[in-house]
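First the structure, in the form of structure tokens, and then the observations on it.
Nothing in this text is a laboratory measurement; each read-out follows from the coordinates by a stated rule. Here the structure is a predicted model, which means the values were calculated and not measured. Virtual Cβ from ideal backbone geometry, glycine too; neighbours counted across all protein chains shown.
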């Protein structure tokens, strides 16, 4: 059923015409009949009254002439009575006619009212159903349908609505299936690639265990194999996280954790790599930093990602700083570097996937272009936020905010973590 | 050093695990799938100090093999090696006593630490 646009159907137009016709016919018919009958009766009354006056005049002249006075007197009285009867009759007829016309009017109007009420009622229910169904559809219930019936208009509307809902459902189904296939593919690919990667990485490590038996050139070659394998693993992990995030299946396991401890873990993991490039790494944690509700591995992943970026994009000898403090109800962690910074047009898209530094830069850096997109998803899953601030040529700052536990209450101090921090 | 039963459907990975574990001084027995694991353990219960099982293998997975062994009352400590770091989300393994998960690619330092904890 494909209809370009909705027009008033013959059925509704007919019903309206017939309704009007019946109402007018009833009204006009009753008025005409009533008035005609009344005029006829009025004429009869006038004729009869005239006749009666004539008879009375005749009787009075007979009386004046002294002819049969008794009969004449009786005739006068009789005619007077006769006219009284006629007057009563015409009064009754007038009343009846008025009643008849009134009844006609009432009947006509009632009929018309009933007809319109019926029409409105027969459109109202389906329309109300449609309004409700549209609400459900907009709310995401793609299985919603309306009963098709009643007037041709509402039936057509209902049919069109059902068709639209079915189409939406079909497309959503196709999209879901494509998404599932994509997720399935990424999961399978990730799984299938992991075994060979395990072998490559494992045997390369095995070779390095006997480093003293390798020439420097050979050892360096094995290091290259290992570096690239680790990069592939990172890419694989990022793709998996991203596919999960897209499918809404990126989950975190949160538990209370000392923010200071989380930060120190990440810094400890990255210190060697940062110092290997002759870069300075400073750590400033405000004493008494509260706990956060966090998935330790995931927050560590975020901080390691930020530190890795700083490490890789900054030149040798740069300085990188990590600062953490309590800010309102949050713990704010900043990763600050004095490297080349991020141009404004890149900064705008920095948390979008596959957004990376200059082509020349990325050749050298070799990240996956996914780290910040995943970091953003992860921080947001924690109910936090992440932002970047930079002026080209004057370094960059990445700021992560995580909701602190018991932010409404007094600051909880953790002697151990505070001691470690100092 | 106690004997470790290692199961993986990839011969290369079995070779890698055997080599690294033997270098650490462990005695290693290998199995190609879950069926082999169950057979090997039931043949001589108590001979193994640790099971190192790949979570996904053809015929019978490491998880299914472990479930069967646990049902038969065998409580040998087990480490599950899986392709996904967070494989515990994928299947319900809450009824099994699992001493730890090892993600692929394997971080051997981490693996050796766990083995030492479980076998000493």
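Build a GNM of chain A with springs between Cα atoms under 10 Å apart, and of A:341, A:202, A:371 the one that fluctuates most is A:202.
How far, in nm, would the chain grow between residue A:117 and residue A:348 when pulled straight, counting 0.36 nm per residue and subtracting the alpha carbon separation?
Between residue A:117 and residue A:348, full extension yields an extra 77.1 nm.
For the protein assembly as shown, the antiparallel share of DSSP beta bridges with both residues in that region comes to about 55%. Peptide B:96-107 has a mean shielding of 3, counted as Cβ atoms of other protein chains within 10 Å of each residue's Cβ.
Using the alpha-carbon atoms, what tilt in degrees (0 to 90, nearest 10) does helix A:371-381 show relative to the longest principal axis of chain A? Helix A:371-381 and the main axis of chain A meet at about 50 degrees. In degrees, nearest 10, range 0 to 90: what is the angle between the Cα axis of helix A:10-65 and the longest Cα principal axis of chain A? It works out to around 20 degrees.
Size descriptors for segment A:39-160: radius of gyration and Dmax over Cα atoms are 34.7, 109 Å. Would segment A:247-378 count as rounded, prolate or oblate if I go by the C-alpha gyration tensor, calling it rounded below 1.5 in a/c and otherwise prolate when a/b exceeds b/c, oblate otherwise? Since a/c reaches 1.5 but b/c is at least a/b, the shape of segment A:247-378 is classed as oblate.
Once you compute Rg and the Kirkwood Rh from C-alpha atoms, what is the Rg to Rh ratio for segment A:183-315?
Using only Cα positions, Rg/Rh for segment A:183-315 is 1.03.
Note on A:192-205: average number of Cβ atoms from other chains within 10 Å of each residue's Cβ is 6. Direction-averaged projected area, Cα convex hull, segment A:174-261: 8.8 nm², rounded to one decimal.
Segment A:96-127 and segment A:273-348 have their alpha-carbon centroids 80 Å apart.
Computed from Cα atoms, the angle from the helix A:152-209 axis to the main principal axis of chain A rounds to 10 degrees. Values of log10 I(q)/I(0) for segment A:119-230 across q = 0.11 Å⁻¹ run -0.59, by the Debye formula with one identical scatterer at each alpha carbon and no solvent.
Each label was represented as a point 7 Å from its Cα along the Cα-to-Cβ direction; for residue A:48 and residue B:70 these points are 11.2 nm apart. Over chain A, Cα pairs under 8 Å with separation of 6+ residues give a relative contact order of 12 percent. Contact order for chain B, expressed relative to its length and based on alpha carbon pairs under 8 Å spaced 6+ residues apart, stands at 23 percent.
How fast does the protein assembly as shown diffuse by Stokes-Einstein, in µm²/s, taking the Kirkwood radius from C-alpha pairs at 20 °C and 1.002 mPa s? It comes out at roughly 66 µm²/s.
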